[in-house]
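The values are calculated or read from the model by the stated rules, or taken from the named source; none is laboratory data. Everything quoted here is computed from the prediction, not taken from an experiment. In this analysis, Cβ positions are derived from the backbone assuming ideal geometry, glycine residues included, and neighbour counts consider all displayed protein chains. These area figures cover heavy atoms from the full protein model, side chains too; ligands, DNA and RNA do not enter into them. Shrake-Rupley method; radii C 1.70, N 1.55, O 1.52, S 1.80 Å.
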Amino acid sequence: MRGDAAEAALWARAIDLVRTHNIESDADTGPLFNDPPAGSDPDVLIRLRQMYEAGGWVLVESAIADLPADLRWLFESGAVTLDQLAELHRSLGATSAADIGDAVREHQLRELPGFTAEVEDAVATALPALRSLVPRIPLGRAVAIAESVLEPLREVPGVAWAVPVGSLRRGQDMVGDIEILAASDRPAAAIDALLGLPTSAHVLHRSERRLYVLADRVQIGVRVSEPSHAGADLFYLTGSRGHFEALRAHAAARGLTLKADGLHDNGGALMPAAAEADIYSALGLQVIPPEIREGDEAIGLASRAALPALVTRDDIRGDLHMHSMWSDGRDPIEAMVEGCRALGYEYMAITDHSPHSAASRNLSIDGVKKQADEIAQLRERYPDITILHGCEVDILPDGRLDFPDKVLEALDIVLASLHERAGHGPDQLMKRYASAMSHPLVTLITHPSNRLVPSRRGYDLDYDRLFALAAETRTVLEIDGAPSHLDLDGALARRAIAAGATVAIDSDCHRSDQLGRQMDLGILTARRGWVEPRHVLNTRALAELRSTIQAKRASR
Ligand SMILES: [Zn+2]
Ligand SMILES: [Zn+2]
């Protein structure tokens, strides 16, 4: 099951040795080590000795623990015996719940040697719970781990494309294991290249087109598909489960059958799908973005060609929230400027923390002035990007801001935020937000729910009221892309724009090398909230951004 040919051959030789010498128990094994038969393989003897000393079942258990997670959990659920698990893998090539789920739907399991309809039912019952057993990791960490495999994979000759699939591609806040799909007509080259990476020290399974490794306690699975068919695999492995089921019903209504391997025409023949678009267009649908592949709503819109065009990285003209060494950032402003220029931004805002934030280092009033001088110099040095001088000012317990208006007036943009964990009840928190939002100098509220992924849920606020207030006071709400924030989350962002509020997608970056990744996480989160470019402040040109800020300031 682990696809380790050398290990399998070693055990085959061990079995030969044991059979040849009629060894039937531990008692028979001891003499074997004292007086090894002539010509016996030393590696085999070492392995048998380990088994003798540790007990055979210990080795089996550790081998089971080293299987791809879904196989291990299926066995541990008690639905199948070890022999049945092995048969499942041998006959179907199954390495994941996705593989097994499809076989169960097609009632293939009951036909396998050693299986019955009851076992198939037991597997069907166990499957939904399997995924919930997989430990979840925050999206930001999952993206970083996936990139460590995706980047080298995309360099391998023959690899046309490689992308993450599953909940990672859909941008869920918390992700189970990391799954990657690549399209290549030379799978061996791709697998070999990955086996050479440092992340591949602990291999769980390898076969012609699949590799599973355990890196930093997280399972990474890679599949390599034939390019002519990779679109169907991409579609199936991306999910969600509910989206697949809904499209299956949609296909059936059109006389087609949707299975794990793709669409089948009414004669039963598999229709080629090099891209996901082949499947959607055969179903008379626009391609539905992965981030909104939940439920029926998107399918209805896609059938009327009425899907919204969700915001993309290309729409983003600047980043309005980041920190430098003037507060708790790691890098000087200049490094942040260079990072933003490399991303092709038209503008950026430096927004360090005010004195009462809980940050490790804060910006003093005196610091604001010195920072202004530094920014003035950098503006001369980098005329190709507009550097806005801003700050992320704390909203104090009484609702006032942590800098006097005189200081804030001199800044190009003011972001306001609550940073403390709770302390105040929902009504008091809302009062503080309301007071800050009604302040003409406040353009934007950062990370409004103040949750911490994965350990702290957001404030328990009346969000409808918050969003209505934001619309009324023309205050922008942030979708913060920092991995620990992702705040507003997709669901709240959708309610915010429905209430007429404008959002901003920011990196809230504290180091220049993460500016791009954190913006991407923000965009992924926004897309889960059905956010379009027209809803987003920082898709607007600089002049429009400035006039939006001015319009609210002028209302005093
Ligand atoms: Zn903050
Ligand atoms: Zn911040």
Between SER360 and ASP121, what FRET efficiency follows from the Cβ-Cβ distance if R0 is 56 Å, with the result rounded to 0.05? 0.50
Compute the accessible area per residue over segment 340-401, keeping the other protein chains in place, probe 1.4 Å, unit Å². 46 Å²
Project the alpha carbons of segment 76-226 onto their principal axes and report the range along each, largest first, in whole Å. 46, 33, 25
How tilted is helix 56-65 with respect to the longest principal axis of the chain? Cα atoms for both, answer in degrees (0 to 90, nearest 10). 30 degrees
State, to one decimal in nm², a quarter of the convex hull surface area for the C-alpha atoms of segment 21-87, i.e. the direction-averaged projected area. 5.8 nm²
Counting only protein heavy atoms and a 1.4 Å probe, tell me what percentage of segment 3-69's accessible area is made up of carbon and sulfur. 55 percent
For the chain, percent of DSSP beta bridges that are antiparallel (nearest 5) comes out at 45 percent
What's the center-to-center distance, using Cα atoms, between segment 16-57 and segment 414-447 in Å? 71 Å
Per 0.36 nm of contour for each residue apart, how much would the distance between ILE46 and THR257 grow if the chain were fully extended, relative to their Cα-Cα spacing? 70.7 nm
Taking the reciprocal of mean 1/r across every pair of different Cα atoms in segment 403-477, the Kirkwood radius in Å is 13.0 Å
Considering every Cα-Cα pair within segment 344-426, what fraction, in whole percent, is farther apart than 14 Å? 64 percent
Relative to the present Cα-Cα distance, how much length would full extension add between ALA410 and ARG19 at 0.36 nm per residue of separation? 132.1 nm
Using a Förster radius of 22 Å, what is the FRET efficiency between ARG136 and ALA498 based on their Cβ-Cβ separation? Nearest 0.05, please. 0.20
Trypsin sites (Lys or Arg not before Pro) restricted to segment 195-228 and DSSP loop, no more than 10 other C-beta within 10 Å: ARG217
Let me check I've understood the local charge: for VAL222, count other residues with C-beta under 10 angstrom from its C-beta, Lys and Arg +1, Asp and Glu -1. What total comes out? +3
Quick one: with all protein chains in place, what share of the accessible area of segment 443-556 is carbon or sulfur, to the nearest percent (1.4 Å probe)? 47 percent
For segment 345-413, what does the relative contact order come out to in percent, with C-alpha contacts under 8 Å and a separation of six or more? 41 percent
Would you mind getting me the FRET efficiency between MET174 and GLU544? Use the beta-carbon distance for r and R0 = 41 Å, nearest 0.05. 0.70
Between segment 338-359 and segment 205-245, the Cα center-to-center distance that results, in Å: 37 Å
Based solely on its DSSP helices, what 222 nm [θ] is calculated for the chain when runs of n ≥ 4 H residues each add -39,500 (n - 2.57) and the sum is averaged over all residues, nearest 500 deg cm²/dmol? -13500 deg cm²/dmol
Direction-averaged shadow area of the convex hull around the Cα atoms of segment 268-410, nm²? 14.0 nm²
Can you give the longest stretch of the chain with no exposed loop site, where a site means GluC sites (Glu not before Pro) in a DSSP loop (not H, G, I, E or B) with at most 13 other C-beta atoms within 10 Å? 209-556
Would you list which lysines come within 22 Å of LYS552, measuring only between C-alpha atoms, while excluding same-chain residues fewer than 8 positions from it? LYS406, LYS431
Given H placed 1.01 Å from N in the peptide plane, which residues other than close sequence neighbours of VAL165 have an amide H under 5 Å from its amide H? GLU179, ILE180, LEU181
Inter-centroid distance (Cα atoms) of segment 106-143 relative to segment 271-311, Å: 27 Å
Å² per residue, accessible surface of segment 72-188 at 1.4 Å: 41 Å²
Placing one identical point scatterer on every Cα of the chain and ignoring solvent, what is log10 I(q)/I(0) from the Debye formula at q = 0.06 Å⁻¹? -0.40
Cα-only Debye scattering, segment 244-314: base-10 log of I(q)/I(0) at q = 0.23, 0.24, 0.25 Å⁻¹: -1.06, -1.13, -1.21
Per the Kirkwood formula on distinct C-alpha pairs, the Rh of segment 1-133 is how many angstrom? 16.7 Å
Report the rotationally averaged projected area of segment 175-319 based on its alpha-carbon convex hull, in square nanometres. 11.1 nm²
Considering only the other residues whose Cβ falls under 9 Å of the Cβ of HIS485, what net charge follows from Lys and Arg at +1 and Asp and Glu at -1? -3
Sparse-neighbourhood loop sites, trypsin sites (Lys or Arg not before Pro) in segment 318-369 - DSSP loop, at most 14 other Cβ within 10 angstrom: ARG361
Roughly speaking, to the nearest percent, how much of segment 252-383's 1.4 Å accessible area is carbon and sulfur? 51 percent
Taking each pair of distinct Cα atoms in segment 278-323 once, what is the resulting Kirkwood hydrodynamic radius in Å? 12.5 Å
Give me a comma-separated list of calculated 3J(HN,Hα) values for segment 97-106, in order, Karplus coefficients 6.51, -1.76, 1.60 applied at θ = phi - 60°, integers in Hz, x for any Gly or Pro. 4, 4, 4, 5, x, 5, 4, 5, 4, 8
What is the list of residues in segment 15-31 whose amide nitrogen lies under 17 Å from a point 7 angstrom out from the Cα of ALA38, following Cα to Cβ? 21
